[in-house]
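Take a look at the structure below.
The values are calculated or read from the model by the stated rules, or taken from the named source; none is laboratory data. Model, not experiment: these values are computed from the prediction. A quick note on method: Cβ atoms are made from the backbone with ideal geometry, for glycine too, and the neighbour counts reach across all protein chains shown. Protein only, heavy atoms only, side chains kept; ligands, DNA and RNA dropped before computing areas. Shrake-Rupley method; radii C 1.70, N 1.55, O 1.52, S 1.80 Å.
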Amino acid sequence: MAYDEVLARRIRQLLGDQPGTTERAMFGGLGFMVDGHLAVAAGSRGALMVRADETDGAHPLLAPMQMRGRTMSGWYETAADAEIADDDLAELVDMGLRRVATLPPKG
């Protein structure tokens with residue numbers, strides 16, 4: 001399954017003119033990078049993937065991300081069929097932005 005193009009467009013609109021933002025196709029999804037760090041992605045299975053700390057990861061729409069049976073530390077995702085309201089999406093994208101803001105820019 002390819003990523004949700006409507007979700008990607010909604011993320012893109014929220015990021016607006018965020019400095020250092022780029023998009024990258026990856027693993028069938030579309031990642032939104034800030035200064036070279038993946039902040040959020042429209043995942044290949046239809047879910048929203050968010051890079052966040054444990055406190056932010058407690059958001060009711062998020063669950064720890066599983067990849068090949070392993071929990072990915074610092075990564076969370078929504079259910080593929082989740083209805084994500086605009087205010088929730090804005091909050092989730094902001095979580096990803098806050099997390100990558102703590103990381104040094106990649107060369």
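For the reader, a short list of remarks on this structure follows.
- Out of 8, 42, 2, one residue alone is more than 22 Å from residue 60 (Cα to Cα) and of a type in the set (A, V, I, L, M). It is 2.
- Listed here are the strands (runs of 3 or more DSSP E) enclosed by the stretch 1-75 that have at least 1 residues being touching a helix residue (DSSP H, G or I) at 6+ places or on another chain (Cβ under 9 Å), open to solvent by 50 Å² or more (accessible area, probe 1.4 Å) and not hydrophobic (A, V, I, L, M, F, W, C): 21-26, 48-51, 63-67.
- Total residues in the stretch 80-96, condition assigned to a helix (DSSP H, G or I) and surrounded by fewer than 19 Cβ atoms within 10 Å (Cβ to Cβ): 6
- Cβ-Cβ distances below 8 Å connect the following pairs, each with a first residue in the stretch 50-74 that is farther than 15 Å from residue 38 by Cβ, a second residue that is of a type in the set (Val, Ile, Thr) and outside any strand (DSSP E or B), and a separation of six or more residues or different chains: 61/78; 61/84; 62/78; 63/78.
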